[in-house]
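All of the numbers you see were taken from the coordinates with simple rules; none came from a lab. All figures in this text were calculated on a predicted structure; none of them were measured in a lab. All Cβ positions, even for glycine, are placed from backbone atoms using ideal geometry, and neighbour counts span all protein chains on display.
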Amino acid sequence: MSNPPSSSDFLPYGRQSIDQTDIEAVCEALCSDFLTCGPRVEEFEKAFAEFVGAKHAVVVCNATAALHLAMMVAKIGPGDRVVTSPNTFLSSANCAAFVGATPDFSDIDPRSYTLCPKALEANWKPDTKAVIAVAYAGQSADMPKISRIARAKGAIVIEDACHGTGGGFKIDGTVYKQGAHPWADMTTFSFHPVKTLTTGEGGILVTENDEYAASARLLRTHGMTRNPDDFSGLGFESEMGPWYYEMHDLGYNFRITDFQCALGLNQLKKLPEFIRHRREIVARYNHAFAGIPWLATPQLLRAEDRDEISWHLYSVRIDFPALSKSRSQVMAELREKNIGSQVLYIPVHLQPYYRKTYQYGKDKCPEAEKFYAEALSLPLYPLMTDDDVDRVVSAVLELA
Ligand SMILES: *Cc1c(COP(=O)(O)O)cnc(C)c1O
């Protein structure tokens with residue numbers, strides 16, 4: 001694991017891990033017959049599905065497209081409501097708006113920052129057709145409870161596991177991986193460079209459902225098919241020769257390239273090691289920060305999950321008034337020591353678009369808003385050395 005030496009010793013909150021084998025895999029793909037629509041796409045899908053233990057995997061140009069496809073294949077549309085948690089990236093909610101449905105938000109559990117089953121049930125509206133449970137920082141929500149609530153009301157469950165690639169959770173000694181447990185109908189993962197595995201841009205939709213998978217494949221490439229078994233011939237009186245293709249649905253170009261999939265395939269081999277190192281850094285941080293009265297380290301819903309989570313973020317809560325410093329001040333002080341930090345995320349329901357379009361506002365999700373006021377993500381990525389981690393620890397301790 002060795003990136004080319006970077007120009008400064010700045011530690012960002014997240015970054016990719018690229019080594020010579022990644023570079024060689026991409027170069028090999030660039031010299032092959034296919035830059036896109038070639039064999040590496042399917043190869044990556046197969047390898048990823050096998051890795052997580054899922055039946056189908058449909059790889060696309062980014063996870064936003066994967067979430068969009070999830071909405072489309074489940075036929076979510078105008079008149080439908082889709083509920084997610086607000087402390088997430090915009091896409092988890094925007095995907096509902098893409099298809100004309102109403103994105104809505106339910107509050108989080110204050111320990112895990114994931115969708116709170118009680119809040120979900122208490123605020124349930126009869127037009128809710130889908131729940132998107134975000135695995136914040138990599139930690140899954142209480143998926144069994146969430147799916148029980150949603151499915152009893154006839155809604156589907158999508159796990160947005162964009163933070164959690166390769167991770168999972170444990171219940172009564174049994175390990176369930178994101179993308180392969182029975183409490184989600186579909187699961188999405190992101191391969192953006194800050195996430196745990198990268199293809200530059202990229203995302204994947206994973207499901208056990210044959211129809212969802214087939215539909216997602218079709219919609220990924222304009223809703224068109226060249227497979228004679230699928231042809232309807234509708235409206236064509238002339239010869240259906242070797243050039244023939246049909247468009248069955250209004251799809252998009254959500255394809256990913258072969259050289260990105262080559263990168264994904266090579267990254268996948270290293271993913272267990274990436275995850276192991278991420279867990280190690282999280283454990284070091286947790287230990288070092290345990291006694292700080294103005295800082296709360298990440299909490300687990302289930303202690304059993306400790307060795308299952310694929311941590312994307314290390315987000316702490318800081319009592320800024322107790323520290324007598326604003327968050328901007330803290331970020332600036334860290335930045336002076338060449339340490340990056342980030343706030344993840346601004347609650348989506350408070351974004352101007354959401355206030356304007358859906359009349360959402362403050363106090364809609366008090367726990368998520370409280371978390372936002374205190375949240376700060378510190379550097380976490382596999383290439384960090386022990387010295388890097390120590391540097392972050394010292395800088396945080398020196399804030400007081
Ligand atoms: C990164 C992310 C996405 C979007 O992923 P892209 O690949 O950048 O489109 C969606 N949801 C969550 C929770 C994310 O963190």
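What is the ratio of the Cα radius of gyration of the stretch 25-134 to 2.2 N^0.38 Å, with N the residue count, to two decimals?
Ratio of Rg to 2.2 N^0.38 Å for the stretch 25-134: 1.34.
Taking Cα centroids, how far is the stretch 125-203 from the stretch 300-319 in Å?
15 Å
What residue among H349, V396, N338 has its Cα farthest toward the positive end of the dipole of the stretch 315-400, where the charges are +1 on Lys, Arg and -1 on Asp, Glu, each on the Cβ?
H349
Pick out which of F371, F105, F320 has the largest mean-square fluctuation in a Gaussian network model of the chain, springs linking Cα atoms closer than 10 Å.
F320
Taking every pair of alpha-carbon atoms in the stretch 150-220, what share in percent sits in each 10 Å bin, from 0 to the bin with the longest distance?
In whole percents, the pair-distance histogram is 19, 43, 33, 6.
Using only DSSP helix segments of four residues or longer, with each worth -39500 (n - 2.57), what per-residue ellipticity at 222 nm results for the chain after dividing by its residue count and rounding to 500?
-11000 deg cm²/dmol
Could you pull out every one of the aspartates and glutamates with an alpha carbon less than 20 Å from that of K325, ignoring same-chain neighbours closer than 8 positions?
Reachable aspartates and glutamates: E333, E336, E369, E374, E398.
How do V59, V392, V343 rank when sorted from fewest to most other Cβ atoms within 10 Å of their own Cβ?
Working: V59 28, V392 25, V343 16.
Ascending number of Cβ neighbours within 10 Å: V343, V392, V59.
Ordered by residue, what ³J(HN,Hα) values in Hz, to whole numbers, does the stretch 201-218 give under the Karplus form 6.51 cos²θ - 1.76 cosθ + 1.60, where θ = phi - 60° and Gly and Pro are x?
10, x, x, 8, 10, 10, 7, 8, 7, 4, 5, 4, 5, 5, 5, 5, 5, 5
Please arrange W183, W311 by counting, for each residue, the other beta carbons lying within 10 Å of its beta carbon, fewest first.
In order of increasing Cβ crowding within 10 Å: W183, W311.
Write down, largest first, the equivalent ellipsoid semi-axes of the stretch 236-305 in whole Å, where each equals the square root of 5 times an eigenvalue of the alpha-carbon gyration tensor.
Ellipsoid semi-axes (Å, largest first): 52, 17, 10.
Report, please, the projected area of the stretch 273-375 averaged over directions, based on the convex hull of its C-alpha atoms, in nm². Intermediate results must be reported in sequence, preceding the final value.
Working: hull surface 34.6 nm².
That works out to 8.7 nm².
If packing is taken as the mean number of other Cβ atoms within 10 Å per residue, what is the order of 50-58, 331-339, highest first?
In decreasing order of mean packing, 50-58, 331-339 become 50-58, 331-339.
If I take the Cα coordinates of the stretch 31-86 and project them onto the principal axes, what are the three extents in Å, biggest first?
47, 24, 22
Let me have the relative contact order for the stretch 41-145, percent, based on Cα pairs under 8 Å that are six or more residues apart.
Numbers: 154 pairs, mean separation 24.2, N = 105.
Result for the stretch 41-145 is 23 percent.
What are the semi-axes of the equivalent ellipsoid of the stretch 182-295, taken as the square roots of 5 times the eigenvalues of the Cα gyration tensor, listed largest first and rounded to whole Å? Kindly include the intermediate steps, with their values, before the conclusion.
Working: eigenvalues 397, 49, 26 Å².
Equivalent-ellipsoid dimensions as semi-axes: 45, 16, 11 Å.
Write down the Kirkwood hydrodynamic radius of the chain, to one decimal in angstroms, obtained as one divided by the mean of 1/r over all alpha carbon pairs.
One decimal place: 22.1 Å for the Kirkwood radius.
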